[in-house]
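**Student:** Handing you this structure, nothing more for now.
All of the numbers you see were taken from the coordinates with simple rules; none came from a lab. Computed from a predicted model, the values in this text were never measured in an experiment. In this analysis, Cβ positions are derived from the backbone assuming ideal geometry, glycine residues included, and neighbour counts consider all displayed protein chains.
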Amino acid sequence: DAGITQSPRYKITETGRQVTLMCHQTWSHSYMFWYRQDLGHGLRLIYYSAAADITDKGEVPDGYVVSRSKTENFPLTLESATRSQTSVYFCASEGEGEEQYFGPGTRLTVT
Amino acid sequence: GENVEQHPSTLSVQEGDSAVIKCTYSDSASNYFPWYKQELGKRPQLIIDIRSNVGEKKDQRIAVTLNKTAKHFSLHITETQPEDSAVYFCAASSAGTYKYIFGTGTRLKVLA
């Protein structure tokens, strides 16, 4: 579990501001994912990445941007935060033939 | 689009009783079905999974069954204990995609 970390763990920001959530994994897993968790909706996939420089949209990508210049990092950026983006964000990674491991989460509040 | 429905949303059982959580998926190409447990304030963690070439899998008090024809799978927890209290998520994934579609979760409460 210590192999995947997220920062910050808690963040309060204002509507319209840009905010970046960081995700780092030490396993050299090819696949990385961003989910948001909201009551009543479970875990919804925002974006995922199959390798460095390869990213694709998930179920709810609008308002988010990702990049993956290095295998171990997968930052998620909210370009102009809205209150509807208040949520708990989980990053996850998966190696070939392995399970999907989740990070500890980032609780984001947009005021 | 792809969808996974999970029922019930909440489930209360007496300690020692069994608990069953059911999920239905829509994508017939789905071939991998993991179950995650999430304790309050913690990250989801895999507890058991099943692939489409198997009908049932068991790990101590936890078992998962899969009915490909009906496109549904279930989690069974026997002899429930207070530490089983958590939110459980099912998910479905198709071959080669690595994308999981999660159900909306079941909050299980085991009453002592």
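**Student:** Rounded to whole Hz and in sequence order, give me ³J(HN,Hα) for region B:43-52 from the Karplus expression 6.51 cos²θ - 1.76 cosθ + 1.60, θ = phi - 60°, writing x for Gly and Pro.
**Tutor:** For region B:43-52, the Karplus-derived couplings read 7, x, 10, 5, 10, 6, 8, 8, 9, 6 Hz, x marking Gly and Pro.
**Student:** Roughly how many whole Å is it from the C-alpha centroid of region B:75-91 to that of region A:1-70?
**Tutor:** When both Cα centres are located, 27 Å separates them.
**Student:** Next up: Starting with the fewest neighbours, write out B:ASP59, B:ASP84, A:ASP56 ranked by other beta-carbon atoms found within 10 Å of each beta-carbon.
**Tutor:** Details: B:ASP59 10, B:ASP84 19, A:ASP56 13.
Arranged by neighbour count, lowest to highest, B:ASP59, B:ASP84, A:ASP56 become B:ASP59, A:ASP56, B:ASP84.
**Student:** Then there is this: Within 13 Å, Cβ to Cβ, of B:ASP17, how many net charges do the neighbouring residues add up to if Lys/Arg are +1 and Asp/Glu are -1? Intermediate results must be reported in sequence, preceding the final value.
**Tutor:** Numbers: positive: B:ARG61, B:LYS109; negative: B:GLU15, B:GLU79, B:ASP84.
After counting each charged neighbour, the total is -1.
**Student:** Projecting each Cα onto the charge dipole of region B:33-84 (Lys/Arg +1, Asp/Glu -1 at the beta carbon, about the Cα centre), which of B:SER52, B:VAL64, B:LEU40 comes out farthest on the positive side?
**Tutor:** About the Cα centre, the residue reaching furthest to the positive side is B:SER52.
**Student:** Local charge sum around A:ASP62 (other residues, Cβ-Cβ under 15 Å, Lys/Arg +1, Asp/Glu -1)? Intermediate values should be presented prior to the final figure.
**Tutor:** Details: positive: A:ARG36, A:ARG44, A:LYS57, A:ARG83; negative: A:ASP38, A:ASP56, A:GLU59, A:GLU79.
So the environment of A:ASP62 carries a net charge of 0.
**Student:** What pairs from B:LYS42/B:LYS99; A:LYS57/B:LYS109; A:LYS57/B:LYS22 go past 30 Å between their alpha carbons? It would help to have the intermediate numbers written out before the result.
**Tutor:** Working: B:LYS42/B:LYS99 22 Å; A:LYS57/B:LYS109 35 Å; A:LYS57/B:LYS22 28 Å.
Long pairs (Cα-Cα over 30 Å): A:LYS57/B:LYS109.
**Student:** If you don't mind, there's one more thing I want to ask. Quick one: what are the phi-derived ³J(HN,Hα) couplings along region A:21-32, Karplus 6.51/-1.76/1.60 with θ = phi - 60°, whole Hz, x for glycine and proline?
**Tutor:** 9, 9, 9, 9, 10, 9, 8, 6, 5, 6, 9, 9
**Student:** Report the local net charge at B:LYS57: Lys and Arg +1, Asp and Glu -1, summed over other residues whose C-beta lies under 10 Å from its C-beta. Walk me through the numbers before you get to the answer.
**Tutor:** On the way: positive: B:ARG51, B:LYS58; negative: B:ASP49, B:GLU56, B:ASP59.
Counting the neighbours of B:LYS57, the net charge comes to -1.
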